[in-house]
1. Within region 188-213, how many residues turn out to be touching a residue at least 60 places away in the same chain (Cβ under 8 Å) and either in a loop (DSSP other than H, G, I, E, B) or of a type in the set (Gly, Ala, Ser) (or both)?
2. What are the residues in region 1-60 that are of a type in the set (Val, Ile, Thr) and at pLDDT 90 or above, if any?
3. Applying the selection to region 214-231, what residues are within 24 Å of Gln336 (Cα to Cα) and assigned to a loop (DSSP other than H, G, I, E, B)?
4. Based on what the data block shows, is Lys138 open to solvent by 70 Å² or more (accessible area, probe 1.4 Å), of a type in the set (D, E, K, R) and either modelled with pLDDT of 95 or more or not in a loop (DSSP other than H, G, I, E, B) (or both)?
5. Hand me the list of strands (runs of 3 or more DSSP E) wholly inside region 236-348 holding 3 or more residues that are free of Cβ contacts under 8 Å to residues at least 40 places away in the same chain and open to solvent by 40 Å² or more (accessible area, probe 1.4 Å).
6. Going through region 52-99 one residue at a time, which ones are farther than 18 Å from Ile262 by Cβ, of a type outside the set (A, V, I, L, M, F, W, C) and open to solvent by less than 40 Å² (accessible area, probe 1.4 Å)?
7. Select, from Leu250, Leu242, the only residue that is touching a helix residue (DSSP H, G or I) at 6+ places or on another chain (Cβ under 7 Å) and farther than 27 Å from Gln134 by Cα.
8. Within region 109-122, identify whether any single residue is farther than 29 Å from Asp172 by Cβ and at pLDDT 95 or above, and answer yes or no.
Amino acid sequence: MNTAIETTSLKQAWTNLKEQEPKLRIRDAAKKLGVSEAELLATGIGENVIRLSEDFVEQLEKFPKLGRVMSLTRNEGCVLEHKGTFQKIEVHQAGPQKIATVIGPIEQRVFFSGWKFGFAVVSETPRGPMFSLQYFDKAGDAVMKVFLQEDSDFDFSEELVKAHTHADQSSDLITEAFEKAEYVNKDDLDFESFSSDWEKMKDTHDFFGMLRKYKLNRLNAVEWIDDKWAYEVDRLSVRSVLETASDIKLPIMIFAGNKGNIQIHQGKVKTIKQLGDWLNVMDPEFNMHLNESVVDRAFVVHKNTTEGLVSALELFDTEGEMVAQFFGLRKPGIPQKPEWKAILDSLN
């Protein structure tokens, strides 16, 4: 969008769409209207939306003062929602970019290089006005949303917005697509060296360096490695994984994210509900919504560590992008529970 006329036109189109489909979420409305979610949200600037400045590190560091909130992170196929506090935030320099580790009731790995736009939003809901802070990448896709709860500190949220209001409050956003990364072809991969490096891993984080070394995308890595380390299972395997973990009260970890943030669940899952294509965890402080129609392939993946194997169920979409990962909960220095590996071993 480059003109006020286009902004007004888009705003009217959204109004019309909401009248036709009042329950349509903004992400889905943006798709129908052929724009990004950030662009659609920005049409509310001057009314119920305030654009925030781009000092995102400073904003995140203030989140603990908001008190108890609900933090939401999603990608095309999976949504994770946690209620709690941003208890402890550590910011690290990773080359030219900063990342943050959030530890506590809300657990995240934040990659600020993926953050481009921020907004403070007041939305009308059946339960009354709802305040949120929403952040998006350069393509206009959401990376994190933080929703205030009844017991949040609303006074501090107002202070935060005042301190970080963008000088430009126009509705025009310039978005740009991410360039597609180039990866190695299977015929050009030094498979013997790749396989050896996989076997010699000492820590799960070694995996990322290995992908960079061989210019591999994650899906190809698990596709091409020997079955000893990774093999494909039914794409809907996560249903039995969650149901069994719930039945035996086994704590697990769930990772889901996007280019700007990975949110992590650590703990038991209790209430599992299937609603159409959506597989849901509906617990008081944690919700997961997995759109199974987006899940194209699923793999059991094993990695070596100094504490033994660490095993995961990894879900991918049709573009080869990660939808979600599921692990048995373990702490550094402690082997994974045999009950978790038994669940994965039972998949086919």
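The values are calculated or read from the model by the stated rules, or taken from the named source; none is laboratory data. These numbers come from a predicted model, not from an experiment. Here the Cβ is made from the backbone with ideal geometry for all residues, glycine too, and neighbour counts use every protein chain on show. Just so you know, the surface numbers come from the protein's heavy atoms only, side chains and all, with ligands and any DNA or RNA stripped out. Shrake-Rupley method; radii C 1.70, N 1.55, O 1.52, S 1.80 Å.
1. Adding up the residues that qualify gives 5.
2. First, the residues of region 1-60 that are of a type in the set (Val, Ile, Thr): 3, 5, 7-8, 15, 26, 35, 43, 45, 49-50, 57.
Scanning region 1-60 gives Thr15, Ile26, Val35, Thr43, Ile45, Val49, Ile50, Val57.
3. Here is the first cut: in region 214-231, the residues within 24 Å of Gln336 (Cα to Cα) are 218-219, 221-223, 225-231.
Within region 214-231, Ile225, Asp226, Asp227, Lys228, Trp229 meet the criteria.
4. On the way: open to solvent by 70 Å² or more (accessible area, probe 1.4 Å): no; of a type in the set (D, E, K, R): yes; either modelled with pLDDT of 95 or more or not in a loop (DSSP other than H, G, I, E, B) (or both): yes.
So Lys138 does not fit the description; no.
5. Values: elements: 252-257, 261-267, 272-275, 278-282, 286-291, 297-305, 308-316, 322-328.
Here the list reads 272-275.
6. Once the filter is applied, which keeps residues that are farther than 18 Å from Ile262 by Cβ, of a type outside the set (A, V, I, L, M, F, W, C) and open to solvent by less than 40 Å² (accessible area, probe 1.4 Å), region 52-99 yields Ser53, Gln59, Gly67.
7. Leu250
8. Within region 109-122, the first condition is being farther than 29 Å from Asp172 by Cβ, and the residues that meet it are 109.
Retained after the next criterion (residues that are at pLDDT 95 or above): 109.
Checking region 109-122: at least one residue is farther than 29 Å from Asp172 by Cβ and at pLDDT 95 or above.
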